[in-house]
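For reference, the structure is listed below as structure tokens.
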Ligand code: FAD
Ligand code: NAD
């Protein structure tokens, strides 16, 4: 009797998806399972480096590598396509190019920018979401300088930058932007004193919830480089001319700016919402073994998933660190299912720390409960970035794409 090989379909070649696939291709033979990876592009990008590409401190090609560099094509079928929907009852995925059936599905489609329905953001604000949004933002910043340099009647608001949200993305982008702007001023003969950089945050502090001493350091460093913080100031809207913020209880105020960057949060994938799988803001509150509740054949990981930190009864913030750890658990659980075992592993996050860069040369962080600032933290950040490459592509990928500009 021949047993039909199960077909494992992995959606998304991000941190979670690629860790899953690289582990599966090692653990399973071609006789045991068909492995299919589906991704929009034929490359993976380091989402965690996009603030650098967005500010123009790193070329966008450095943040991406071909999926083929890490998957074994003799074991994994790669389909370059956009996932449009998942039909759990029919066990199939709808692509822009057709349909794919599955026995087991892994959803790792990452997150999307969360605008909370705030008017004008979709039309007028830039986001740091993928390689192309980063290229668009970098080019726009440069265009503002080039235009300012050439216009007869100088429009100073062209050189005003607003970053919405002082979470990790906003702060990391500001670190890069404040390093890039002096270079642009020099390149385009622009007077640096004409540039204004605002960071607008709704909460009463920068990096809400992070270590206050480290936050103080970060704020001081960024202020030294020209950032003006407006905390406790929710953004209410965006227009072609800038943003509208709340002022007091009922009033609003306009901040005119040539560039508005919305970095105020992420939600899961809209594909999840469409699929009918139970979700909260497009994220699935997964079972302990990382399967979607009520769907024994669907695993969800990374920014599409929601894992509760029982100690504080709140979700873990979505990070690459967690996505990669989930990828390892999902792969082990799939191997068990393929081999007919039902004792699936429970996912337990192992949070080693958090490091937030403030440009290429500075950072803050807590690693293994130790606080770090400055060059030590910046070194650690580069080690973390290199480790992510190592986990997916081993030493050869680190050699090809790694960060060796150690201070
Ligand atoms: P991703 O790695 O984002 O990958 C999703 C993949 O799915 C992409 O390849 C995408 O192209 C593909 N895809 C999406 N939709 C479709 C579709 N419909 N069809 C086909 N393919 C699709 N986390 C940390 O731990 N440390 C950090 O230092 C850190 N820094 C960050 C800096 C920035 C600027 C940002 C924005 C985030 C940062 N994060 C960091 C968070 C981290 O990047 C995310 O949590 C992580 O990328 C999530 O991984 P993932 O596997 O879920 O998705
Ligand atoms: P976030 O949710 O962590 O931060 C968003 C910030 O925007 C919050 O401070 C919030 O108060 C603020 N905000 C929300 N609505 C607002 C409004 N209307 N006006 C003004 N401010 C508003 O989102 P993020 O920074 O994009 O990060 C997303 C995820 O990626 C997080 O889980 C984060 O931990 C992770 N990340 C990690 C790193 C790192 O480890 N170095 C770097 C970047 C992102």
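Nothing in this text is a laboratory measurement; each read-out follows from the coordinates by a stated rule. Just so we're clear, the structure is a prediction, and the values are computed from it rather than from any experiment. Cβ: placed from backbone, ideal geometry, glycine included. Neighbour counts: every protein chain shown.
Sorted ascending by nearby beta carbons within 10 Å, beginning with the fewest, 58, 205 become 205, 58. Suppose the chain between residue 336 and residue 87 were pulled fully straight at 0.36 nm per residue; how much longer would it get relative to their current alpha carbon spacing? Full extension from residue 336 to residue 87 adds 87.2 nm.
Computed from the Cβ-Cβ distance with R0 of 22 Å, the FRET efficiency linking residue 396 to residue 42 stands at 0.75.
As a calculated quantity, the FRET efficiency between residue 75 and residue 250 at R0 = 51 Å, using C-beta atoms, amounts to about 0.25. Could you give the length gained by full extension between residue 343 and residue 4, i.e. 0.36 nm per residue of separation minus their alpha carbon distance, to one decimal place? So the chain would gain 119.9 nm between residue 343 and residue 4. Taking a ≥ b ≥ c as the square roots of the eigenvalues of the Cα gyration tensor, segment 253-394 is oblate, since a/c reaches 1.5 or more and a/b is not larger than b/c. DSSP assigns beta bridges within segment 93-209; of those with both partners inside it, close to 40 percent run antiparallel.
For the pair residue 281 and residue 26, label points projected 7 Å from Cα toward Cβ lie 3.4 nm apart.
For segment 1-147, what proportion of DSSP beta bridges, expressed in % and rounded to the nearest 5, is antiparallel?
Working: 11 of 25 bridges.
About 45 percent, rounded to the nearest 5.
How high is the relative contact order of the chain? Use alpha-carbon pairs under 8 Å, at least six apart in sequence, and give a whole percent.
So the answer I get is 18 percent.
Over segment 255-341, Cα pairs under 8 Å with separation of 6+ residues give a relative contact order of 20 percent.
Working note: 222 nm ellipticity from helices only, DSSP H runs with n ≥ 4, each -39,500 (n - 2.57), summed and divided by the residues of the chain, gives -10500 deg cm²/dmol to the nearest 500. DSSP bridge analysis restricted to the chain gives an antiparallel fraction near 50%, rounded to the nearest 5. Between residue 101 and residue 135, the FRET efficiency from the beta-carbon distance, with R0 = 56 Å, is close to 0.95. Taking the C-alpha atoms only, the angle from helix 15-27 to the longest principal axis of the chain is near 30 degrees.
Its Cα gyration tensor gives the chain an equivalent ellipsoid, and the semi-axes of that ellipsoid, as √(5λ) in whole Å with the largest first, are 39, 22, 21. Helix 212-224 versus the longest principal axis of the chain: what is the Cα-based angle in degrees, 0 to 90, to the nearest 10? In the chain, helix 212-224 runs at an angle near 50 degrees to the longest axis.
With a simple spin-label model that places each label point 7 Å from the Cα along the Cα-to-Cβ direction, the separation between residue 188 and residue 203 comes to 3.3 nm.
Calculate how steeply helix 374-401 sits against the longest principal axis of the alpha-carbon atoms of the chain, using the helix alpha-carbon long axis, and give the answer as 0 to 90 degrees to the nearest 10. Here the helix axis deviates by roughly 40 degrees. Label-to-label distance, residue 316 versus residue 154, with points set 7 angstrom from Cα along the beta-carbon direction: 5.0 nm.
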